[in-house]
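Bear in mind that the values in this text are calculations on the coordinates, not laboratory data. In this text the structure is predicted, and so the values were computed from the model without any measurement. Neighbour counts are summed over all protein chains in view; Cβ atoms, including those assigned to glycine, are modelled from backbone coordinates with ideal geometry.
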Amino acid sequence: MRRRTLLTGAVGGLVAAGTTPAAARPRRVLHVRPGDRVQAAVDATTGGGWTIVVHPGTYREVVNIPADRAGLTLRGATGDPRDVVIVYDNANGTQRPDGSGTYGTAGSATFTSAAPGLTVRDLTLANDWLRADHPEITGTQAVAAYVTGDRSHFDNVRLLAHQDTLFADTTALDAFDRQYYSRCHIEGDVDFVFGRATAVFEHCRFHTLARDVDFTPKGMVFAPSTARANPRGILAVRCRITSAAEDGAYKLARPWVPTYETTARPSLVVRETRIGPGIDAVTPYTNMREAYPWQSMRFAEYRNTGPGAVIGVPENRPQLTRAQAASHTRETYLGDWRPYAHA
């Protein structure tokens with residue numbers, strides 16, 4: 001793996017930063033090129049202050065960023081997320097090679113991070129496992145990114161999979177970790193943005209995929225599992241929801257109350273977003289389990305537009321008042337963390 005530092009511009013090995021105070025040091029940089037492994041670069045970034053630059057290519061591997069890599073930046077070299085693809089194909093029901101059982105939903109992720117202060121930008125994270133190729137597997141969740149850790153920022157990232165594309169979660173059941181997604185493209189079919197994180201999506205595109213099945217709904221965009229004690233869950237603001245499926249084939253959301261946290265009270269606000277015809281405008285929400293009806297959760301909308309946002313039956317689409325909407329902004333959700341000021 002070829003390496004250089006911004007301190008010296010040297011190639012072929014890292015140059016020590018000497019006695020320069022840590023706060024004044026430039027970031028150290030590792031370059032990953034085809035034939036290298038992204039995980040090897042992650043493993044080399046001890047001591048903090050690192051940026052990993054991934055050059056154009058497809059990297060077929062699983063990447064895991066541990067909690068002790070705080071402040072790490074991972075970015076594509078060109079600025080076009082299509083040029084750099086990190087992809088793998090594990091599913092919930094895939095058997096582990098050591099015979100210890102299946103991966104489970106979180107374990108199926110192509111990209112996993114528990115690092116606080118993580119920044120990912122200008123690349124693609126994908127899970128290309130397909131149901132049709134594995135009819136013997138019933139655990140069909142196949143995650144592209146499993147993200148925990150406070151202050152995780154994804155900018156101009158493509159997240160591609162089918163079921164459970166993005167698992168926006170927290171490090172612990174008593175943590176309200178914050179995540180910010182800007183200018184991202186996220187696509188899938190069933191519950192493809194889900195989890196208990198305080199997660200803000202701004203200027204993102206959510207794209208529902210075509211499915212060759214004879215039932216509806218064919219899937220749901222969101223499945224939050226927000227802790228009851230957390231006043232803020234998933235917020236989508238100034239986004240777009242598009243579809244490759246027929247009109248009305250998808251629901252906007254359903255609540256997920258996990259068996260390990262039955263006190264959860266999922267929270268979702270979609271505001272100032274264009275919702276295309278792929279979303280069922282008459283009944284945009286549904287239940288995951290009858291014991292936890294969506295009407296008892298914290299689902300609301302504000303000033304959405306498009307054919308999928310038409311309010312036909314008001315009780316099916318709870319709307320925020322202007323005063324209520326003032327409490328559901330990126331600033332109120334992210335608090336003293338302001339990643340958008342540096343995007």
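In segment 107-116, of all residues being in a loop (DSSP other than H, G, I, E, B) and in contact with a Pro (Cβ under 9 Å, 6 or more places away or on another chain), the one that is nearest to residue 48 (Cα to Cα) corresponds to 115.
Do you know which residues across segment 289-311 are of a type in the set (A, V, I, L, M, F, W, C) and surrounded by 19 or more Cβ atoms within 10 Å (Cβ to Cβ)? Passing the criteria: 294, 297, 299, 309. Say whether the condition of being within 26 Å of residue 191 (Cβ to Cβ), surrounded by fewer than 20 Cβ atoms within 10 Å (Cβ to Cβ) and touching a helix residue (DSSP H, G or I) at 6+ places or on another chain (Cβ under 7 Å) is met by at least one residue in segment 81-93. Scanning segment 81-93, I find no residue that is within 26 Å of residue 191 (Cβ to Cβ), surrounded by fewer than 20 Cβ atoms within 10 Å (Cβ to Cβ) and touching a helix residue (DSSP H, G or I) at 6+ places or on another chain (Cβ under 7 Å), so the answer is no.
Can you pull out every residue in segment 168-187 that is of a type in the set (A, V, I, L, M) and farther than 16 Å from residue 235 by Cα? Those that are of a type in the set (A, V, I, L, M) and farther than 16 Å from residue 235 by Cα: 172, 173, 175. Taken over segment 89-106, the criterion of being within 14 Å of residue 137 (Cβ to Cβ) and assigned to a helix (DSSP H, G or I) is satisfied by 104, 105. Taking the listed residues 232, 298, the one that is of a type outside the set (A, V, I, L, M), touching a helix residue (DSSP H, G or I) at 6+ places or on another chain (Cβ under 8 Å) and more than 16 Å from residue 192 (Cα to Cα) is 232, with no other qualifying. Of all residues in segment 159-206 being in contact with a Leu (Cβ under 6 Å, 6 or more places away or on another chain) and either without any contact (Cβ under 8 Å) to a residue 24 or more places away in the chain or not in a strand (DSSP E or B) (or both), which is surrounded by the fewest Cβ atoms within 10 Å (Cβ to Cβ)? Across segment 159-206, the extreme among qualifying residues is 189. Within segment 125-158, the residues that satisfy the criterion of being within 15 Å of residue 62 (Cβ to Cβ) and either surrounded by 24 or more Cβ atoms within 10 Å (Cβ to Cβ) or under 13 Å from the mean Cα position of the chain (by Cα) (or both) are 125, 126, 127, 129, 142, 143, 144, 145, 146, 147. The set of residues in segment 301-333 that are out of contact with any helix residue (DSSP H, G or I) (no Cβ under 8 Å at 6 or more places or on another chain), in a helix (DSSP H, G or I) and touching a residue at least 40 places away in the same chain (Cβ under 8 Å) comprises 307, 308, 325, 332, 333. Screening residue 269 against (1) buried (at least 22 other Cβ atoms within 10 Å of the Cβ); (2) free of Cβ contacts under 8 Å to residues at least 40 places away in the same chain; (3) in contact with a His (Cβ under 9 Å, 6 or more places away or on another chain) leaves a single unmet condition, (2).
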